[in-house]
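Engineer: Encoded as structure tokens, here's the structure I'll be asking about.
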Amino acid sequence: MAKVKKTIKAITINADKCNGCRACELICSAFHATPKYSSNNPARSRIRIVREPLRDIYLPVYAGEYTASECTGRGKYIIDGKEYDECDFCRASCPSRNLFKEPDSGLPLKCDMCEDDPPREKPLCVEWCLNEALIYEVREELVEEADAAPADVEIGVESLIDKFGLQQVLDIIARTSKR
Ligand code: SF4
Ligand code: SF4
């Protein structure tokens, strides 16, 4: 099968550099407010900081794919003497926790790399992180033609319609596309 070039945009997290200042949450939520920059409710942010200040734990987590059901894994990780719950690393908007859900509609949130704005050098959260805990990288990879299609987005929309109904999904798409 023919290979095609795919542009991969990625943000790498260096949790050791994060001091929990939450500037990334602030700018992301303001950017995604309606109208833009009219409020800064962190519940609207596509990046959330898992914070346990007494144990010096600050872990940035990006909103990823929506999942219709919760998983069964509940392990613990110990990294550099700090204990993390398995859910701490999970990027999904899932029914078992109140994270990555649009506060007005309850619809799941996903990081969109701030792409409905004019082209910018870096995503806003990366720009606002003064500690360089978030590192932006753009690279090109050769992939099978079929893998270059946005199949995961389509699957995500289908499961959203299953859960919330077509009309509610169409309403939120109409609302967000006006921003
Ligand atoms: S802006 Fe950077 S240092 Fe501050 S909470 Fe976010 S990732 Fe951590
Ligand atoms: S890249 Fe943009 S949309 Fe994604 S978390 Fe950062 S500020 Fe929010």
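Engineer: Of these, Glu132, Glu127, which one is at pLDDT 80 or above, within 16 Å of ligand 1 (Cβ to nearest atom) and in a loop (DSSP other than H, G, I, E, B)?
Structural biologist: Glu132
Engineer: Of the numbered conditions (1) touching a residue at least 40 places away in the same chain (Cβ under 8 Å); (2) surrounded by fewer than 19 Cβ atoms within 10 Å (Cβ to Cβ), Ser38 fails exactly one; give the number of that condition.
Structural biologist: Unmet condition: (1).
Engineer: Only one residue in Lys101, Lys76 is within 14 Å of Tyr62 (Cα to Cα), among the basic types (Lys, Arg) and modelled with pLDDT of 90 or more, so which one is that?
Structural biologist: Lys101
Engineer: Condition (residue is touching a residue at least 60 places away in the same chain (Cβ under 8 Å), open to solvent by 10 Å² or more (accessible area, probe 1.4 Å), more than 10 Å from ligand 1 (Cβ to nearest atom) and touching a Ser or Thr at 6+ places or on another chain (Cβ under 8 Å)) applied to the stretch 17-31: is it met by at least one residue?
Structural biologist: The answer is no; no qualifying residue exists.
Engineer: Right, next: Of the residues Ala43, Ala68, Ala63, only one is touching a Lys or Arg at 6+ places or on another chain (Cβ under 8 Å), within 13 Å of Cys24 (Cβ to Cβ), away from ligand 1 (no atom under 13 Å from the Cβ) and among the small types (Gly, Ala, Ser); which? Let's see the steps before the verdict.
Structural biologist: On the way: Ala43 fails: within 13 Å of Cys24 (Cβ to Cβ); Ala68 fails: within 13 Å of Cys24 (Cβ to Cβ).
Answer to the selection: Ala63.
Engineer: Show the residue pairs meeting these rules: Cβ distance below 6 Å; 6+ apart or different chains; first residue within the stretch 123-140 and under 19 Å from Ser29 (Cα atoms) and polar (S, T, N, Q); second residue near ligand 1 (Cβ under 10 Å from one of its atoms) and open to solvent by less than 60 Å² (accessible area, probe 1.4 Å).
Structural biologist: If the second residue must be near ligand 1 (Cβ under 10 Å from one of its atoms) and open to solvent by less than 60 Å² (accessible area, probe 1.4 Å), no pairs are left.
Engineer: With the structure loaded, tell me whether Leu99 is in a loop (DSSP other than H, G, I, E, B) and open to solvent by 30 Å² or more (accessible area, probe 1.4 Å) or whether it fails that test.
Structural biologist: yes
Engineer: So, in the stretch 111-132, exactly how many residues are crowded, with 16+ Cβ neighbours inside 10 Å and either more than 18 Å from Lys36 (Cβ to Cβ) or in contact with a Phe, Trp or Tyr (Cβ under 7 Å, 6 or more places away or on another chain) (or both)?
Structural biologist: 7
The values are calculated or read from the model by the stated rules, or taken from the named source; none is laboratory data. Not measured: the values here are computed from a predicted model. Neighbour counts run over all protein chains shown; Cβ positions are idealised from the backbone, glycine included. Just the protein is used for accessible areas: all its heavy atoms, side chains included, with ligands, DNA and RNA removed. Shrake-Rupley method; radii C 1.70, N 1.55, O 1.52, S 1.80 Å.
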